[in-house]
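Any read-out appearing in this document is the output of simple, stated calculations on the displayed coordinates, not a laboratory observation. What you are looking at is a predicted structure, and each value in this text was computed from that prediction instead of being measured. Counting neighbours? That spans all protein chains shown, and the Cβs are built from the backbone with ideal geometry, glycine included.
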Amino acid sequence: MTIAVVGAGLIGSAAARHVAKAGHEVVLIGPGEPTDFAAHQGAFASHYDEGRITRMNDRRPFYARVSAASIRRYDEIERESGVPFFTECGALMTGSSDYIAAIGAATAGLDVESEALDAEGLAARFPFLAIPDGHTGAYEARHAGHISPRNLVAAQQEAARRHGAVRIVEEATGVAPGRITTPSQTIEVDKVIVAAGGWTDDLLGRRALDVYARTVAFHEIGPAEANRLATMPSLVMESDDDIYILPPVRYPDGKLWLKLGGDPTDDLLPDKKAITDWFRSGGDAARGEYLTERVLQVIPSLAFESRYHKPCVTTWSQDRLPEIRRLEPGLIVAAAGNGAGAKCSDELGRMAAAVATGDET
């Protein structure tokens, strides 16, 4: 059986690896990373980055389960590909007692190594963080931290290639059961998995998913500040804006950048043009300023040398669970990470592969 995966991002590349490992022929179709966002007219993705938080702890049972399954295969993916992508620096979630209790309930039975920290414990362990009054914490020292989504995609694709997958670096312009068109060719296959993120609805000719504009901010950290923050874990904090902060991560420019995100409002991007325009815009400057204010609230003495912001998107389903299902014979959709898709993308890809191959377990 030959299966095409349309969308060479986190979920699509994972699906290609799992289909190839199952012994089927795989064609993975999708464009590469644009060299110039402002001038690029085609599809974008949000994995062009070096930092995404990864953790098993989650207050939503589904995401705790699929994250645990994915994280436990990180070593396998790195071995199969030879591409490292995971940094185990720990992950901390803080919030109200109800929030922390929900995390405990969601992870029950998953064998998550999580340490409960009260206010005093948080202050002693992470003195550089200003944790809000009333917050306690759930801290994973192992099997948690951050991933390079760019490298995870590369690892999945390399592992898929070693298992026999073929990569076509083109943007799909049309999708139908058993057929994909690109600017240069028409590809006939047995089944198609569409895992195109924010472009999924456009390819399928429908409007089922919500795509939201997000702005993320980066703050350059020098050697002295990096040393002070050497024990900083990835941080997710219960708040109205769902703020998250990564510890300093080294980017391709050789610099250490502390990244954070958190949006006080949801700005819907209604169609392909709006999504493309958003990526080309460079992001929202006011949101960038807001995020600098927020990081200084959480790390009050943060010393940074420069800063910038950039755009990305998150894709959401109506029930806030990934849409992984058969739309019709020969056509499967695998989309909507709902703001949590990077860390658990390998399991979401496995689930899509299982639907396509008829092995839904």
- Task: Return one number: the angle in degrees, 0 to 90 and rounded to the nearest 10, between the long axis of the Cα atoms of helix 10-21 and the longest principal axis of the Cα atoms of the chain.
- Result: 50 degrees
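Arranged from highest to lowest average of other beta-carbon atoms within 10 Å per residue, in what order do the peptides 83-94, 217-228 appear? Each step should come with its number before you reach the end.
Working: 83-94: 21.3, 217-228: 17.2.
For the peptides 83-94, 217-228, the packing ranking is 83-94, 217-228.
Taking the Cβ of each residue in 18, 163 as the centre, tally the other Cβ atoms inside 10 Å and list the residues starting with the fewest.
Details: 18 27, 163 18.
Lowest to highest Cβ neighbour count: 163, 18.
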- Query: For the chain, how big is Rg over Rh, using alpha carbon atoms and the Kirkwood form of Rh?
  - Reply: 0.96
- Using Cα pairs under 8 angstrom and six or more residues apart, how large is the relative contact order of the chain, in percent? 26 percent
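Distances longer than 13 Å among the Cα atoms of the range 1-61: what percent of all pairs is that?
Details: 1283 of 1830 pairs.
For the range 1-61, the fraction of Cα-Cα distances above 13 Å is 70 percent.
Per DSSP H run of n ≥ 4, the term is -39500 (n - 2.57); total these for the chain, divide by its residue number, and report the mean residue ellipticity at 222 nm rounded to 500 deg cm²/dmol. Before the final figure, lay out each step's value.
Numbers: 11 runs with 110 residues, N = 361.
Computed ellipticity for the chain at 222 nm equals -9000 deg cm²/dmol.
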- Would you give the gap between the C-alpha center of the range 1-63 and the C-alpha center of the range 252-310, rounded to a whole Å? 22 Å
- Item | Distance histogram in 5 Å bins (all Cα pairs of the range 209-327, percent per bin) | 2, 10, 19, 20, 18, 14, 9, 5, 2, 1, 0
- Message: Rounded to whole Å, give me the distance from the Cα center of the range 323-360 to that of the range 79-94.
- Response: 22 Å
- Message: If I fit a long axis through the Cα atoms of helix 285-298 and take the longest principal axis of the Cα atoms of the chain, what angle between them do I get, 0 to 90°, rounded to 10?
- Response: 50 degrees
- Message: If you take every DSSP beta bridge fully contained in the chain, what fraction is antiparallel? Give it as a percent rounded to 5.
- Response: 70 percent
- Query: Over the Cα atoms of the range 75-147, Rg to Rh with Kirkwood Rh, two decimal places?
  - Reply: 1.07
- Item | Using alpha carbons only: equivalent-ellipsoid semi-axes of the range 260-331, gyration tensor based, whole Å | 33, 16, 10
